[in-house]
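What follows draws every value from the coordinates through simple rules; no lab data is involved. Since the model is a prediction, treat every value here as computed from it, not as a measurement. With ideal geometry, Cβ positions are generated from the backbone for all residues, glycine too; neighbour counts draw on all protein chains shown.
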Amino acid sequence: MIRRLTWMVAVAALVGSAAWAQEKRVELSGNVGYTFSDGVSGSSTTIDGEDFTRIDPKDSINYGGRIGFLVTPNVEVGGLFSLQSTTLQLGGVVTADIGDEKIYNYHGYVAYNFGEEDAKVRPYVLGGLGATQFGSVNTHLGDRTRTIDGNTKFSTTWAAGVKVFPGRSFGIRLEGRWTPTYAKSDEAGWWCDPYWGCYLVSDAQYSNQFELGGGITLRF
């Protein structure tokens with residue numbers, strides 16, 4: 001009886017593994033795109049006779065990859081990574097490059113894929129939580145040379161796209177993605193309420209990355 005039960009469990013496991021493999025529940029993707037970036041504004045700073053009120057990463061190409069697991073035919077969970085090699089700029093009446101910078105994004109995500117599991121075209125929406133890492137920057141402005149330390153901040157990421165599958169194991173992904181990262185808060189003044197009293201309020205600023213990209217997806 002025990003031997004028979006063992007065989008039944010083994011057969012069930014093999015059938016389940018074969019079914020999982022047949023359904024191709026793992027997707028591995030690589031992509032390249034272009035990121036439109038913005039930074040934050042602040043009080044005016046004068047360097048070499050020019051006034052600057054902003055600091056922003058320059059728009060540039062990005063690279064990335066992700067792995068996703070279809071826990072149901074439509075719901076996907078996974079992790080993604082992207083790298084933007086850019087230049088940090090000061091902005092005002094004129095702009096000035098202050099040094100090269102790398103921006104890394106690390107996010108876990110949940111996505112919903114529309115349509116049937118074996119559909120050739122699958123639109124999807126995605127939301128994720130994670131971190132954005134701003135790399136250190138070596139600067140030389142005026143007569144000063146210094147290093148701006150890197151920083152890692154909590155961020156979210158939101159995307160919509162479409163996957164097109166010419167075959168069962170190979171696909172093409174097109175996607176637009178927005179990654180807002182909290183940077184700082186500026187004092188916006190006092191707010192007074194008859195019940196809570198008066199308190200100082202602030203205006204949050206976010207560094208935004210708007211990415212348009214495409215790549216390939218392999219299904220296993």
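Karplus couplings for the range 212-220 from phi (6.51 cos²θ - 1.76 cosθ + 1.60, θ = phi - 60°), rounded to Hz, Gly and Pro as x?
Taking θ as phi minus 60°, the curve returns 10, x, x, x, 10, 10, 10, 10, 10 Hz for the range 212-220.
Between Ala96 and Asn138, what length in nm is gained on full extension when 0.36 nm per residue of separation is reduced by their alpha carbon distance?
Residue separation times 0.36 nm, minus the Cα-Cα distance, leaves 13.7 nm.
Determine how many Å³ per residue the convex hull of the Cα atoms of the range 77-140 encloses.
131 Å³
Could you give the length gained on full extension between Thr45 and Trp158, defined as 0.36 nm per residue of separation minus the Cα-Cα distance, in nm?
37.3 nm
Which values, in whole Å and largest first, are the semi-axes of the equivalent ellipsoid of the range 23-219 obtained as the square root of 5 times each eigenvalue of the Cα gyration tensor?
Rounded to whole Å, the semi-axes are 38, 23, 12.
Can you work out the Karplus-derived ³J(HN,Hα) for every residue in the range 84-91? Use 6.51 cos²θ - 1.76 cosθ + 1.60 with θ = phi - 60°, whole Hz, and x for glycine or proline.
My calculation for the range 84-91 gives 10, 8, 9, 10, 7, 10, 8, x Hz in order.
Pull out the extension gain between Thr145 and Ser185, defined as 0.36 nm times the separation in residues minus the alpha carbon to alpha carbon distance; nm, one decimal.
Gain on stretching Thr145 to Ser185: 11.6 nm.
Which lysines have a Cα less than 27 Å from the Cα of Lys58, not counting those fewer than 8 places away in the same chain?
Lys102, Lys153, Lys184
Using each residue's phi in the range 68-83, evaluate 6.51 cos²θ - 1.76 cosθ + 1.60 at θ = phi - 60° and report the 3J(HN,Hα) Karplus result to the nearest Hz, with x for Gly and Pro.
With coefficients 6.51, -1.76 and 1.60, one gets x, 10, 7, 6, 9, x, 10, 9, 10, 10, x, x, 9, 9, 8, 9 Hz.
State to the nearest 20 debye the size of the charge dipole of the range 23-219 about its Cα centre, where the only charges are +1 on K and R beta carbons and -1 on D and E beta carbons.
980 debye
5 Å is the cut-off here: which amide hydrogens, built 1.01 Å from N in the peptide plane, fall below it relative to Ser136, excluding neighbours closer than 5 in sequence?
Gly150
Can you list the lysines whose alpha carbon sits under 26 Å from that of Lys120, skipping same-chain ones fewer than 8 residues off?
Excluding near neighbours in sequence, the set is Lys24, Lys163.
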